[in-house]
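Scroll down for the structure; my scribbles are underneath it.
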Amino acid sequence: MAFTVNDLQDLTRLLLERPEWLSEVRRIVLTDELLALPRELAEAQRRTDERFAELAEAQRRTDERLAEFQRRTDERFAELAEAQRRTDERLAEFERRTDERFAELAQAISRLAATVERGMQEIGEVRGRLLEIEYRNKVGAIFGGRLRKPQVVDAGDLWDLLRERLDEADIRQVVAADLIVRGRLLPPQGEGELWLVVEVSSVIDRNDVARAAQRAELLRKASLPVVPVAAGRRLTQGAAALAAELRVALARNGGLAGWDDALARAG
């Protein structure tokens, strides 16, 4: 027999009038599976809540580990930054000291170069002085082939001779020559007395040639026949060219180059 709407209304009215029948109807209508469903849902909800709680705890621990990792990373970067700063400071200090050391070395090299230069100049002066002494002692051997009895003129005698002929400044220029030699010409060069103004240097340069020529001109000014001579062991190209131009004789290795040209201008 079909269950109609009127039947449902009657059942509802009876359940309202007899509430004690409601539990029996529920037991009949609802199966054990349906009755157990709320409990299962509740258990599922509990397990879901527990899982979410576990996930939340795991997330919290993960966040804590991440925070600790970040803290340690920041500390490490700070340590590295500090180490880099100290390294930069040490490099800067090393560079400063290196620059100072190079500056000191440059100064030392400059002083050494100046000392060597002074030493070379002093050695050159000593060599020139020794060579001058050698020429003074060997004036007869060096110039005896051109002059009879050549002899070195003393500076005092030269002052006496030139005092009435030249002013004091000119005389001082003449007596400052390394050697003043006088003697008589040997035939067939000519006759009479001849003077030599000799500038002696280990290496004959243009200055030696020019000084010999200038001092010879002062003796010519004093009406003395004179030949300028530059003497030494070595000769620069510039000195050779200037000697030819100014007619200055060159005394080297026992020889006298340019003597005839210099003699032609002696008077």
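The values are calculated or read from the model by the stated rules, or taken from the named source; none is laboratory data. Predicted, not measured: the structure shown is a model, and the values here were computed from it. Cβ coordinates were reconstructed from backbone atoms using ideal geometry, including for glycine residues, and neighbour counts include every protein chain displayed.
Key figures
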{"quantity": "Of residues in the range 190-206 being among the charged types (D, E, K, R) and in a strand (DSSP E or B), the one farthest from residue 147 (Cα to Cα)", "calculated": "199"}
{"quantity": "Condition check for residue 139: in contact (Cβ under 8 Å) with a residue 40 or more places away in the chain and either of a type in the set (A, V, I, L, M) or closer than 30 Å to residue 251 by Cα (or both)", "calculated": "yes"}
{"quantity": "Matching residues, the range 207-255, being in a loop (DSSP other than H, G, I, E, B), more than 17 Å from residue 153 (Cβ to Cβ) and polar (S, T, N, Q)", "calculated": "236, 253"}
{"quantity": "Any hit, the range 173-182, residues being within 22 Å of residue 130 (Cα to Cα), surrounded by 15 or more Cβ atoms within 10 Å (Cβ to Cβ) and polar (S, T, N, Q)", "calculated": "yes"}
{"quantity": "Flag for residue 170 being surrounded by 13 or more Cβ atoms within 10 Å (Cβ to Cβ), part of a helix (DSSP H, G or I) and of a type in the set (Asp, Glu)", "calculated": "yes"}
{"quantity": "The listed residue being surrounded by 10 or more Cβ atoms within 10 Å (Cβ to Cβ), aromatic (Phe, Trp, Tyr), within 29 Å of the chain's Cα centre (by Cα) and modelled with pLDDT of 85 or more, out of 69, 94, 143", "calculated": "94"}
{"quantity": "Neighbours by Cβ (under 9 Å, 6+ apart or cross-chain): first from the range 234-262, without any contact (Cβ under 8 Å) to a residue 24 or more places away in the chain and within 11 Å of residue 206 (Cα to Cα); second of a type outside the set (Val, Ile, Thr) and part of a strand (DSSP E or B)", "calculated": "240/250; 240/257"}
{"quantity": "Residue in the range 203-221 that is touching a residue at least 40 places away in the same chain (Cβ under 8 Å) and small (Gly, Ala, Ser) present", "calculated": "no"}
{"quantity": "Set 114, 141: member being more than 30 Å from residue 227 (Cβ to Cβ) and not polar (S, T, N, Q)", "calculated": "114"}
{"quantity": "Unmet criterion (only one of (1) within 29 Å of residue 250 (Cα to Cα); (2) small (Gly, Ala, Ser); (3) not in a loop (DSSP other than H, G, I, E, B)) for residue 145", "calculated": "(3)"}
